[in-house]
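Take a look at the structure set out below.
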Amino acid sequence: SNNNRPRRRRGVFKADQEAVKNLVEMGFPEGEVVAALEVTRNNQQEACSYLLGDRQEPAGSNDMYTPLPRDHPLYKLVMERSEIQKALLTPKFLDAMRDLEDKKA
């Protein structure tokens, strides 16, 4: 038997409540936060990356969006600083990004 990874039955996962609180405060829906934390085994940074990845892909053409590699300094900075993550998800910032997308189209 593999003692390093205990088997988890469906429904037994317990999300880290501090991580849930932090990610919900950034504007993510709680249900999606809990799912992301389960996928990432309660790793808040990875869960944030997972949630952002799902949201950043534009509807339509995928060639408009090129994700930053994880070793890019800007990616590292955003992932290390929760205040930057929160700022990127404010309604004012998101509206400005939508306006830029509309002008491109």
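Below, the figures for the structure above:
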quantity: In the stretch 27-42, the residues that are modelled with pLDDT under 90 and polar (S, T, N, Q); calculated: 40
quantity: Subset tally (residues that are open to solvent by 80 Å² or more (accessible area, probe 1.4 Å) and within 22 Å of residue 87 (Cα to Cα)) for the stretch 11-52; calculated: 8
quantity: Qualifying positions in the stretch 71-105 - open to solvent by 90 Å² or more (accessible area, probe 1.4 Å), assigned to a loop (DSSP other than H, G, I, E, B) and at pLDDT 80 or above; calculated: 71, 81
quantity: Positions within the stretch 83-105 being of a type in the set (Gly, Ala, Ser) and either closer than 13 Å to residue 52 by Cβ or within 14 Å of the chain's Cα centre (by Cα) (or both), in sequence order; calculated: 87
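The values are calculated or read from the model by the stated rules, or taken from the named source; none is laboratory data. From a predicted model like this one, the values you see are computed outputs, not experimental measurements. Don't worry about glycine lacking a Cβ; one is built from the backbone with ideal geometry, like all the others, and counts go over all protein chains shown. Accessible surface is based on the protein model in full, side chains and every heavy atom, while ligands, DNA and RNA are left aside. Shrake-Rupley method; radii C 1.70, N 1.55, O 1.52, S 1.80 Å.
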